[in-house]
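The values are calculated or read from the model by the stated rules, or taken from the named source; none is laboratory data. In this text the structure is predicted, and so the values were computed from the model without any measurement. Don't worry about glycine lacking a Cβ; one is built from the backbone with ideal geometry, like all the others, and counts go over all protein chains shown.
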Amino acid sequence: MLYDVTDVGRAGARKLLELDFVANNVANSSTTGFKAEHLYYAMKGKKIDQGVMPGLGYTISAIDYSQGTLQTTGNILDLAIEGDGFFTIQTNQGTVYTRDGSFMLNKNKELVTGQGEHVLGDAGRIVIDGTSVKINEEGMIYVDENPVGKIKVTAFENEQLLTRSADGRYTDRAGASPKKAANYKVNSGYLEMSNVNAVREMTDMINLQRTFETYQKIILTLQDMDKISTTRIGKLV
Amino acid sequence: MMRSLWTAATGMVAQQIEQDIVANNLANVNTVGFKKSRADFQDLMYQIYAKSGAETSQGNQLPVGIEVGMGVKPISTQRMFLQGDYQQTGNQFDWAIEKDGFFQFDDNGETYYGRAGNFKINRDGLIVNSEGLPLLPNITVPTGTVSFTVDTGGTWTAADQEGNPLATGRLELAIFINPAGLTAIGRNLFAKSEASGEPITGNPGENGIGTISQNFLEMSNVNVIDEMVRMIVGQRAYEINSKAIQTADSMLGIIAALKRS
């Protein structure tokens, strides 16, 4: 037999993993700056005439970096990037990148994230001390009409190589090659909402449940066939 | 047993919090000077399922690792200091602030800040808010005052029956560089925090401080339509999360059914 129960079982396990991704996407449908992530399968590139059946190939997860919708908040320090790139954040573990731009000021009047980590500008930390703040579309920050810094927006040659972690953070561990973002607009007073698409997640859910059911039927059929071969074939007439 | 069950459950909890905030916003749709809030969420940690560069069972190398997210957590609620609508009341002690600025109130030595401008006079002639907290700097309305006027710059004049001024003075307002960082303490009041910065006080209409409109009140900035939309979106998101739980559950059922007696 070309396939046995364990192969089908493994395929079923992949569907369970796929559901984990769907569940995480729908759970984050209200998370600021969240990017949906899906699992994809690739077949191993061997042909039947080479005497090997195409086995279970790669399992790849890909983050969907499409733009989320912008929601107005009215707070000047809420920033949303429209287009390419990420905000650059300085943490104790090194530089991380995020699309979640709900920033605030700490007691030293520095621009920080909700966790108190510094938001980097082109020339390091950004200090906002004055009576009025304005942030323009290039990310230039004006305090009392004087420029004090520019929000550093970092883009990547290959965004798919970023590693994501909690709190909407992305880290470059695998050579995603950071570069200066060119195609972007910083919107002050807006936040980028989650880009999770409910229709896609629902259809994925239906699809993977039905596929899972099919796997069950295959396993049951294989069980029946095993039973037949052990009970009938060896039987003396 | 299954990650997705718990992951989707965190999503449902998050949507419940979202509904709590929508409910509070809607409950305050007629509260003078009320500023609506929103809930902020962040994704939880990611569990490494396969590391990048790891060998698969077929001897391939994974180009990118697979990390499975574990759901969502609420991190904060943020005030949204958008301007509320103005309502004309005709009451001379109803003052609205146009653009930035907060009235300052004294609560036993602590200064609190608020946008609600529905003032009263207490038995000592002091101008107080609905809670009885005196406005800072204190304004005492002299006895015999018939008309009390405030101009856009905050200069107030108390006049008697014949229109002779009895007392005059000027209001002060406070602004913050980051009003979103103020801490809401209830009763329509806010306290300064590290995030908001120190208050900058001054006269209305000067140095970026807003102006005063007498006989007007700033209403709540809750927009019923926005809140209704958030409610609908939140309810559907809740439903979809519950579907993820159902899917996980029925897949578990399928697994259980694999074993036939």
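Kindly evaluate B:Ala54 against the criterion of being modelled with pLDDT under 85 and facing chain A (nearest Cβ under 8 Å).
Details: modelled with pLDDT under 85: yes; facing chain A (nearest Cβ under 8 Å): no.
Against the criterion (modelled with pLDDT under 85 and facing chain A (nearest Cβ under 8 Å)), B:Ala54 does not qualify.
Tell me the residue from B:Gly253, B:Gly208, B:Gly202, B:Gly234 that is under 21 Å from the mean Cα position of the chain (by Cα) and within 14 Å of chain A (Cβ to nearest Cβ), please.
Numbers: B:Gly253 fails: under 21 Å from the mean Cα position of the chain (by Cα); B:Gly208 fails: under 21 Å from the mean Cα position of the chain (by Cα); B:Gly202 fails: under 21 Å from the mean Cα position of the chain (by Cα).
Result: B:Gly234 is the single residue among B:Gly253, B:Gly208, B:Gly202, B:Gly234 that is under 21 Å from the mean Cα position of the chain (by Cα) and within 14 Å of chain A (Cβ to nearest Cβ).
crowded, with 20+ Cβ neighbours inside 10 Å, among the charged types (D, E, K, R) and in contact (Cβ under 8 Å) with a residue 12 or more places away in the chain - does that describe any residue in the range A:190-199?
Looking through the range A:190-199, at least one residue is crowded, with 20+ Cβ neighbours inside 10 Å, among the charged types (D, E, K, R) and in contact (Cβ under 8 Å) with a residue 12 or more places away in the chain.
From the residues in the range B:22-48 that are within 11 Å of another protein chain (Cβ to nearest Cβ) and either assigned to a helix (DSSP H, G or I) or surrounded by fewer than 18 Cβ atoms within 10 Å (Cβ to Cβ) (or both), which one is modelled with the lowest pLDDT?
B:Ile48
Of all the residues that make up the range B:145-160, how many are over 26 Å from B:Ala174 (Cβ atoms) and in a strand (DSSP E or B)?
2
Could you please give the count of residues in the range B:140-180 that are among the β-branched types (Val, Ile, Thr) and closer than 25 Å to B:Ser196 by Cβ?
Start the filter on the range B:140-180 by keeping residues that are among the β-branched types (Val, Ile, Thr), which leaves B:140-141, B:143, B:145-146, B:149-150, B:152, B:155, B:157, B:168, B:175, B:177.
Subsequent filtering for residues that are closer than 25 Å to B:Ser196 by Cβ retains B:175, B:177.
Count: 2.
If a residue must be surrounded by fewer than 16 Cβ atoms within 10 Å (Cβ to Cβ) and in contact with a strand residue (DSSP E or B) (Cβ under 7 Å, 6 or more places away or on another chain), how many such residues does the range B:112-123 contain? Outline the logic, then answer.
Taking the range B:112-123 as the starting set, the residues that turn out to be surrounded by fewer than 16 Cβ atoms within 10 Å (Cβ to Cβ) are B:120-123.
Subset that is in contact with a strand residue (DSSP E or B) (Cβ under 7 Å, 6 or more places away or on another chain): B:120-122.
Total meeting the criteria: 3.
Looking only at strands (runs of 3 or more DSSP E) that fall completely inside the range A:132-237, which ones have 1 or more residues that are closer than 30 Å to B:Ile209 by Cβ?
Numbers: elements: A:133-135, A:140-143, A:146-150, A:153-156, A:163-165, A:169-171, A:178-180, A:184-188, A:190-192.
Ranges flagged: A:133-135, A:140-143, A:146-150, A:184-188, A:190-192.
Within the range A:116-165, which residues are among the charged types (D, E, K, R) and within 28 Å of the chain's Cα centre (by Cα)?
Step one: filter the range A:116-165 for residues among the charged types (D, E, K, R), giving A:117, A:122, A:125, A:129, A:134, A:137-138, A:144-145, A:150, A:152, A:157, A:159, A:164.
Across the range A:116-165, the qualifying residues are A:Glu117, A:Asp122, A:Arg125, A:Glu137, A:Glu138, A:Lys150, A:Lys152, A:Glu157, A:Glu159, A:Arg164.
Applying the selection to the range A:77-90, what residues are polar (S, T, N, Q) and either facing another protein chain (nearest Cβ under 10 Å) or in contact (Cβ under 8 Å) with a residue 60 or more places away in the chain (or both)? Lay out the reasoning, then the answer.
Applying the first criterion (polar (S, T, N, Q)) to the range A:77-90 yields A:88, A:90.
Listed by number, the list holds a single entry, A:Thr88.
Mind checking which residues of the range A:57-76 are part of a loop (DSSP other than H, G, I, E, B) and either touching a residue at least 60 places away in the same chain (Cβ under 8 Å) or under 17 Å from A:Ser30 (Cβ atoms) (or both)?
Matches in the range A:57-76: A:Asp64, A:Tyr65, A:Ser66, A:Gln67, A:Gly68, A:Thr69, A:Thr73, A:Gly74, A:Asn75, A:Ile76.
Which residues, counting only those in the range A:137-176, are within 30 Å of B:Ile48 (Cβ to Cβ), crowded, with 17+ Cβ neighbours inside 10 Å and among the aliphatic types (A, V, I, L, M)?
Correct list: A:Val153, A:Ala155, A:Leu161, A:Leu162, A:Ala176.
Residues in the range B:215-229: is at least one of a type in the set (Asp, Glu), more than 30 Å from A:Ala198 (Cβ to Cβ) and in a strand (DSSP E or B)?
In the first step, residues of the range B:215-229 are kept if they are of a type in the set (Asp, Glu); the result is B:218, B:226-227.
Still in the running and more than 30 Å from A:Ala198 (Cβ to Cβ): B:218.
Subset that is in a strand (DSSP E or B): B:218.
Taking every residue of the range B:215-229 in turn, at least one turns out to be of a type in the set (Asp, Glu), more than 30 Å from A:Ala198 (Cβ to Cβ) and in a strand (DSSP E or B).
Of the residues B:Asp151, B:Asp160, which is more than 30 Å from B:Val22 (Cα to Cα), surrounded by fewer than 18 Cβ atoms within 10 Å (Cβ to Cβ) and in contact (Cβ under 8 Å) with a residue 40 or more places away in the chain? Give the steps one after another, and end with the answer.
Numbers: B:Asp160 fails: in contact (Cβ under 8 Å) with a residue 40 or more places away in the chain.
It is B:Asp151.
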